[in-house]
Structures are given as structure tokens and as C-alpha cells.
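The values are calculated or read from the model by the stated rules, or taken from the named source; none is laboratory data. As the structure is a computational prediction, the values presented were derived from the model and not from experiment. Positions of Cβ are backbone-derived with ideal geometry, glycine not excepted, and every protein chain shown enters the neighbour counts. Note: accessible area is taken over every heavy atom of the protein model, side chains too, but ligands, DNA and RNA are not part of it. Shrake-Rupley method; radii C 1.70, N 1.55, O 1.52, S 1.80 Å.
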Amino acid sequence: MIEVQQLGKDVPSGDDVLTILHDISFGVKRGDAAAIVGASGSGKSTLLGLMAGLDLPSRGRVRIDGQDLGELDEDHRAELRGRALGFVFQSFQLLPALTALENVMLPLELGGRADAREQAAAMLARVGLAHRFGHYPKHLSGGEQQRVALARAFAVKPKLLLADEPTGNLDAATGAQIIDLMFGMNAEQGTTLILVTHDEALARRCGRTLHLSAGRLT
């Protein structure tokens with residue numbers, strides 16, 4: 001489903017260049033789940049952003065479902081994300097001026113779905129928030145906001161879901177509920193999961209774990 005080949009990322013640092021990622025190579029098959037673990041500053045979130053096409057590598061390539069992201073311009077990468085990718089952020093990234101229902105509807109509407117409202121309502125019900133459709137993010141708990149974020153990510157039935165510390169801002173009990181929900185929805189849809197996490201329980205639920213240290217797979 002996704003193939004990463006000799007991926008590297010450099011950024012300017014004063015008069016020098018700082019290498020954040022060094023020759024990263026791996027692949028994840030359709031329907032599999034992989035965890036990326038490592039200390040803070042090891043390059044995990046940078047790697048996830050490159051895999052999503054939110055940033056471009058200094059060298060190497062990322063292929064999603066056979067498509068080389070480096071061959072696409074920004075508009076076509078955005079189109080691919082809208083069609084094939086879901087993304088779950090540690091900080092939820094819900095739009096504060098939209099209700100829970102409207103947040104989940106947004107990617108469906110951008111994809112031209114005429115049944116966006118019905119699909120969004122069904123997904124919110126699936127994550128246990130049928131009673132919170134009209135609530136704004138500021139009126140939702142952290143766990144509820146992450147449920148909305150999961151519903152939004154899964155609403156488009158993505159082939160690949162990328163999650164950056166999806167339980168990082170949640171207490172242990174709520175985090176465990178989110179993990180169960182995420183893997184339950186993954187099993188229903190056959191989505192490929194790649195998760196950046198410090199959560200050992202979450203990493204153990206994945207079929208494989210990739211260890212990143214100082215920008216290198218160890």
C-alpha cells in the first residue's frame with residue numbers, strides 16, 4: 001500500500017544543513033498496521049508528513065498505492081490525500097467554527113459526495129457521538145474530539161490512515177477506548193494503518209514496529 005525508498009530530509013540550520021532523516025526504506029502491505037516509535041526529535045512526525053505528501057523529501061521517494069508522490073504537483077497530492085488518505089492528529093485539528101457533524105462532512109463535501117450529511121451522521125453514530133452532532137469542538141471533551149477526528153478520517157473510507165500520537169492528549173482509559181475504536185474501524189474497512197506513537201499498548205496492537213533513532217531506522 002505504501003513504499004518508502006531511501007527517504008532523506010535536510011533542513012537549513014544557520015550556515016549549515018541539518019539532516020533529520022537518513023535513507024529510510026520500508027513498505028507496509030494493504031490492511032496491515034505498523035507503529036513508528038522513537039524518542040522525541042527522532043524524526044517520526046517529519047516522516048509521517050512526508051508519507052502524507054504534506055512535505056517533500058530532500059531525496060528518495062514515497063509511493064502510495066503505486067503512485068509516486070514526487071511525480072505529483074501540490075494540487076494532485078491534495079487530491080490523492082482527499083481520495084485515499086486519512087490523517088489523525090494528536091491535537092485533533094478540528095475546525096472550531098464547525099459543529100462535530102460539519103467537521104466530519106467537510107472531507108466528504110470536498111470529495112463531491114452528495115450524501116455527505118448522511119455519511120457523516122452515520123460515522124459519528126459509529127463512534128458513539130450520535131447525541132453530539134450539533135456541538136462545537138470547544139464543548140467536547142478531549143476524547144470526544146478525538147472520536148470526531150477518527151470519524152472524519154474514516155468517513156472517506158481511506159486506503160491508508162496515518163495517525164500522529166492519536167492518544168497523546170488523552171488519559172489512559174480514554175486512550176484505550178480510542179485504540180479499540182480505531183482498530184475496530186480498521187478491521188471493518190480494511191484500511192492500512194501507520195501510527196506514530198509513544199503508547200506501548202498501541203504499538204503492541206500493530207503487526208510490526210519500526211524504531212526510529214536520530215533519523216535512522218534501527
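Dipole check for the chain: with +1 at the C-beta of Lys and Arg, -1 at the C-beta of Asp and Glu, and the Cα centre as origin, the magnitude is about 580 Debye.
Taking the convex hull of the Cα atoms, report for region 95-148 its projected area averaged over all directions, in nm².
Dividing the Cα hull surface by four gives the mean projection, 3.3 nm².
Summing +1 for each Lys or Arg and -1 for each Asp or Glu, what net charge is found among the other residues whose Cβ lies under 13 Å from the Cβ of Glu188?
Details: positive: Arg126, Lys157; negative: Asp180.
Residues near Glu188 contribute +1 overall.
Region 85-107 and region 130-154 have Cα centres lying 8 Å from one another. Mean sequence separation of contacting Cα pairs (under 8 Å, at least six apart), scaled by the length of region 57-182, corresponds to a relative contact order of 33 percent. With the simple model of a label 7 Å out from the Cα in the direction of the Cβ, Arg61 to Ala39 spans 3.5 nm. Computed about its Cα centre, the charge dipole of region 69-164 is approximately 420 debye, with only Lys, Arg, Asp and Glu carrying charge at their Cβ. Here the accessible area is traced with a 1.4 Å probe on the protein chains. For region 114-218, carbon and sulfur cover 51 percent of it.
Using the Cβ atoms and a cut-off under 14 Å, what net charge is assigned to the surroundings of Arg205, where Lys and Arg are +1 and Asp and Glu are -1? Spell out each step's value before the answer.
Numbers: positive: Arg204, Arg208; negative: Asp32, Asp180, Asp199, Glu200.
Once all neighbours under 14 Å are counted, the net charge is -2.
The Cα-based radius of gyration of the chain, divided by its Kirkwood radius, gives an Rg/Rh of 0.97.
Taking all protein chains as they are arranged and a probe of 1.4 Å, the heavy atoms of Thr19 leave approximately 40 Å² accessible to solvent. Taking max minus min of the alpha-carbon positions on each principal axis, region 130-200 gives extents of 31, 27, 16 Å, largest first. The HN-Hα couplings worked out from phi for region 188-205 by the Karplus form 6.51 cos²θ - 1.76 cosθ + 1.60 (θ = phi - 60°) are 5, 9, x, 6, 7, 10, 10, 10, 8, 7, 9, 7, 5, 5, 5, 4, 5, 6 Hz, whole numbers, x standing for Gly and Pro.
Across region 60-105, the fraction of Cα-Cα pairs farther apart than 12 Å, rounded to a whole number, is 71%.
For region 4-108, the Cα-based Rg and Dmax, in that order, read 15.6, 48 Å.
Where does the chain land at 222 nm, in deg cm²/dmol rounded to the nearest 500, when only DSSP H runs of n ≥ 4 count, each adding -39500 (n - 2.57), divided by all residues?
So the calculated ellipticity at 222 nm is -11000 deg cm²/dmol.
A 1.4 Å probe run over the protein chains yields, for the chain, 47 Å² of accessible area per residue, whole-number rounding. Less than 5 angstrom separates the built amide H of Ala33 from those of Leu193, Gly207, Arg208, all sequence-distant by 5 or more or on a different chain. Placing unit charges on the Cβ atoms of the charged side chains and taking the dipole of region 68-184 about its Cα centre, the candidate lying farthest along the positive direction among Gly112, Ala122, Leu85 is Ala122. Computed over region 55-181, the quotient of the alpha carbon radius of gyration and 2.2 N^0.38 Å is 1.11. Applying 1/(1 + (r/R0)^6) with R0 = 22 Å to the Cβ-Cβ distance of Lys29 and Arg216 gives a FRET efficiency near 0.45. In terms of the mean number of neighbouring beta-carbon atoms within 10 Å, the peptides 67-74, 145-152, 39-46 order highest first as 145-152, 39-46, 67-74. Could you tell me how many degrees, from 0 to 90 and to the nearest 10, lie between the Cα long axis of helix 74-84 and the main elongation axis, the longest principal axis, of the Cα atoms of the chain? Computed tilt is about 50 degrees. Ordering Leu95, Thr167, Gly43 by the projection of their Cα atoms onto the charge dipole of the chain, which places +1 on the Cβ of Lys and Arg and -1 on the Cβ of Asp and Glu, puts Thr167 at the extreme positive end.
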